[in-house]
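Inspection log for the structure reproduced underneath, given as structure tokens.
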């Protein structure tokens, strides 16, 4: 796990210092061999190399009033919770390719999702989906 931690810090080091600090303060990083049942229930696919689960940073042009509704067991009406970006990035270590650069590309891709990028935007940034040999795949090629 020490090598993966080093890769994570290297990827965070590529970001501007204030962005890296924000990511570190809002995102939990985990690594496991493959998706668990909970990962699959949250939307990860069995073949994924990693995923972000949580609330992403909103863009300037997005509706800042979009609320997150939270309902307790005894509530008839959900309460509006404060929107606070943050969540979990999971790296699946059994996925190919098992290389330093492969893991770094997955982390870059998932951090881009936390920072508000969708698949198209992540691809434009050079961190689109990654194929088996570790190269970035354009979104149009994915199906």
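Within region 26-45, can you find the residues that are free of Cβ contacts under 8 Å to residues at least 12 places away in the same chain and exposed (fewer than 12 other Cβ atoms within 10 Å of the Cβ)? Passing the criteria: 37, 38, 41, 43, 45. With respect to residue 27, is the statement that it is under 18 Å from residue 117 (Cα atoms) and modelled with pLDDT of 95 or more true? Here the answer is yes, as residue 27 does meet what is asked.
Conditions: (1) under 14 Å from the mean Cα position of the chain (by Cα); (2) modelled with pLDDT of 80 or more; (3) part of a loop (DSSP other than H, G, I, E, B). Residue 127 meets all but one. Number of the miss? Here residue 127 meets the rest and fails (2). Please enumerate the residues belonging to region 10-25 that are more than 13 Å from residue 91 (Cβ to Cβ) and surrounded by 11 or more Cβ atoms within 10 Å (Cβ to Cβ). Once the filter is applied, which keeps residues that are more than 13 Å from residue 91 (Cβ to Cβ) and surrounded by 11 or more Cβ atoms within 10 Å (Cβ to Cβ), region 10-25 yields 10, 12, 14, 15, 19, 20, 21, 22, 23, 24.
The values are calculated or read from the model by the stated rules, or taken from the named source; none is laboratory data. Please read these numbers as outputs of a predicted model, since none were measured by experiment. Backbone-built Cβ (ideal geometry, glycine too); neighbour counts: all protein chains shown.
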